[in-house]
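Okay, so here's the structure we're looking at.
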Amino acid sequence: MLELTNLIGGRRRGAAGSIPVVDPARGDTIALCPDSSARDIDDAVRAAAGAFAAWAGAPAAHRAALMNRLADLIDRDAERLAHLESLNTGKPIALARAVDIPRSSDNLRFFAGAILHDHTEAFETTGAVRAGLQSAAAINTVLRRPRGVAGLISPWNLPLYLLTWKLAPAIATGNTAVCKPSEVTPMTADALAGLIVEAGFPDGVINIVLGRGEPCGSALVSHPDVPAISFTGSTRVGQWIGSTAGAMLKRVSLELGGKNPFLIFADADLPAAARTLCRAAFTNQGQICLCASRALVHRSVFEQVRDDVVKLARELVPPGDGRWPQIDGRWPQADGRGHQPPPIAINPQDDACRFGVLSSSAHADKVQGLIDAARSQGATVHLGGERRGCFVPPTILSGLSPSSDIEQTEVFGPVLSMTPFDDDDEAVRLATCTQYGLAAVVFTSSLARAHALPARLHHGIVWVNTWMSRDLRTPFGGHRHSGVGREGGAEALKFFTEPTTVCIAVDGPARR
Ligand code: NAD
């Protein structure tokens with residue numbers, strides 16, 4: 001059995017216990033992940049603290065060169081990494097090849113470049129006489145210095161992509177890092193640890209500690225020598241991290257859950273809207289924080305859009321005997337002797353696979369529970385609705401009240417609920433009736449609406465006539481319960497540095 005290891009102070013080492021890592025498509029245990037303790041975290045923080053002064057003092061060009069080398073190694077091993085990501089998460093390998101792995105090396109290259117082009121602000125103060133007092137003319141500059149050891153905690157849905165999204169700005173700015181990836185999908189973090197050693201990073205600059213949220217992640221959050229925590233994950237855990245780190249006056253960035261609305265107006269390019277909605281709802285089996293989970297469609301085109309999306313979503317899973325539900329959303333029932341229909345023949349590692357399985361059976365249980373609750377609350381199921389193992393088919397519902405569980409709770413799975421609206425005000429009311437505010441999509445041909453609507457939606461990003469187009473220079477984060485703070489581009493460089501304003505008098509000391 002493959003045994004994954006931590007990277008602490010430049011050494012690969014295990015922990016006292018281990019956690020099975022499961023291939024969710026087949027249910028097999030594929031590796032053992034260290035079940036690291038608070039002690040392992042403490043060792044990693046010490047290693048990172050010991051490496052800090054030299055790393056922070058190294059020329060930015062040196063840090064950037066090592067990051068680019070790591071990016072090159074990720075590209076060299078792209079096929080192996082894509083395979084590991086697909087095997088461990090259940091995502092189609094084509095998606096891992098096209099998105100997860102290239103974006104991981106892009107993250108490193110982007111911030112390696114950004115740090116070389118970063119600049120310091122300067123403010124020129126002219127002298128003035130007020131109430132008989134003359135103030136000196138001065139130049140103010142803002143020095144930004146790395147914070148120290150950064151704690152980076154990432155989730156299971158985009159394992160390497162989100163780990164590198166945090167790691168790259170942290171180390172580019174001169175911090176050292178202790179990373180705590182998800183224990184559910186640690187395979188590519190373990191592979192990255194090998195590449196970090198191969199790239200030649202100084203010992204202790206990047207530490208990777210694999211283990212559970214409790215006690216491993218929580219020990220990182222509450223460690224007194226970790227002044228900054230960047231967390232991506234659920235709102236529930238984010239609230240705990242916010243209160244714990246807040247009481248210690250740490251800097252925290254929280255990228256949390258969403259319940260993203262996708263608005264389609266009658267004047268939109270409807271075929272393009274339906275295609276994009278299908279992609280937005282079901283890419284990575286709906287397990288991207290930016291996936292759309294609520295379609296709000298103008299009543300005059302509601303049925304047309306719904307039927308188009310059902311048709312497109314059905315095509316994501318190849319048809320086969322007993323493998324696809326009937327139009328009422330039910331799977332074939334067990335026969336009289338209790339035999340279940342055959343399991344779904346989904347192979348995420350097949351090049352042609354477009355829709356895989358959920359990343360764990362615990363998560364599939366949760367998603368199925370919410371679908372069942374929606375049924376009992378009166379939902380009409382147009383497609384899908386019943387899992388087999390970790391396979392939950394694309395599921396499309398309608399007829400739910402905005403206050404129902406599935407309209408309010410983050411499902412984080414392939415479940416789209418559809419609701420008609422009559423006018424712009426009702427669309428905005430429905431779009432903003434949850435506690436979340438991460439991402440919204442608007443499809444319209446009206447320039448006036450495209451201009452006016454985003455500010456009324458109160459979401460961190462609003463896409464107009466597109467979805468998932470991301471420019472790494474733009475701020476990224478959520479409103480309300482979708483997060484605190486922003487990452488991306490200059491925002492990430494700011495988060496990982498502490499500013500000191502220096503005011504230098506340029507015409508001698510201030511005098512009366
Ligand atoms: P999670 O909150 O359960 O876990 C995220 C990470 O936190 C894991 O590494 C986990 O081990 C760790 N963790 C758990 N408890 C902890 C604790 N008490 N202290 C410290 N660390 C702890 O989330 P998940 O189930 O892995 O991921 C899915 C969630 O992530 C969804 O809610 C999704 O919306 C969110 N997400 C948000 C974004 C974003 O950018 N806003 C991106 C991807 C995923």
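Details
- For the chain, the share of accessible area belonging to carbon and sulfur comes to 54 percent (1.4 Å probe, ligands and nucleic acids excluded).
- Radius 15 Å from Cβ of Gln287, net charge of other residues (Lys, Arg +1; Asp, Glu -1): +1
- P(r) weight above 26 Å for the stretch 60-218, C-alpha pairs, percent: 36
- Assuming charge only on the beta carbon of Lys and Arg (+1) and of Asp and Glu (-1), the dipole of the stretch 183-296 about its Cα centre is about 460 debye to the nearest 20.
- Rg/Rh ratio calculated on Cα atoms of the stretch 357-413 (Kirkwood radius): 0.95
- Accessible surface, per residue, of the chain when the full set of protein chains is kept, probe 1.4 Å, Å²: 40
- For the stretch 126-182, diffusion coefficient by Stokes-Einstein and Kirkwood Rh (Cα), 20 °C, 1.002 mPa s, µm²/s: 147
- Tensor-based shape of the chain (alpha-carbon gyration tensor, a/c under 1.5 rounded, otherwise prolate or oblate): oblate
- Global form of the stretch 166-225, assessed from the alpha-carbon gyration tensor, a/c cut-off 1.5: oblate
- Cα gyration tensor shape for the stretch 37-94, rounded if a/c is under 1.5, else prolate or oblate: oblate
- Around Lys180: net Lys/Arg minus Asp/Glu count, Cβ-Cβ under 12 Å: -1
- Other residues with beta-carbon under 10 Å from the beta-carbon of Ala364 carry, at +1 per Lys or Arg and -1 per Asp or Glu, a net charge of +2.
- Compared with the dominant Cα axis of the chain, that is its longest principal axis, helix 159-172 is turned about 10°.
- Angle of helix 60-76 to the longest C-alpha principal axis of the chain, folded into 0 to 90 degrees and rounded to 10: 20°.
- Residues of type lysines that Lys166 reaches as a straight line, Cα spacing below 19 Å, ignoring anything fewer than 8 places off in the same chain: Lys180, Lys250, Lys494
- The charge dipole of the chain, taken about the Cα centre with unit charges on the Cβ atoms of Lys, Arg (+1) and Asp, Glu (-1), comes to about 980 debye, rounded to the nearest 20.
- Fraction of beta bridges assigned by DSSP in the chain that are antiparallel (%, nearest 5): 45
- Estimated from the Cβ-Cβ distance and a Förster radius of 41 angstrom, the FRET efficiency linking Thr29 and Ala49 is about 0.70.
- Cα long-axis angle, helix 78-89 against the chain (0 to 90 degrees, to the nearest 10): 60
- Helix-derived mean residue ellipticity, 222 nm - over the chain, DSSP H n ≥ 4, -39500 (n - 2.57), to 500: -11000 deg cm²/dmol
The values are calculated or read from the model by the stated rules, or taken from the named source; none is laboratory data. These numbers come from a predicted model, not from an experiment. No Cβ is skipped: glycine too gets one built from the backbone with ideal geometry, and neighbour counts run over all protein chains shown. SASA here: full protein model, heavy atoms, side chains in, ligands and nucleic acids out. Shrake-Rupley method; radii C 1.70, N 1.55, O 1.52, S 1.80 Å.
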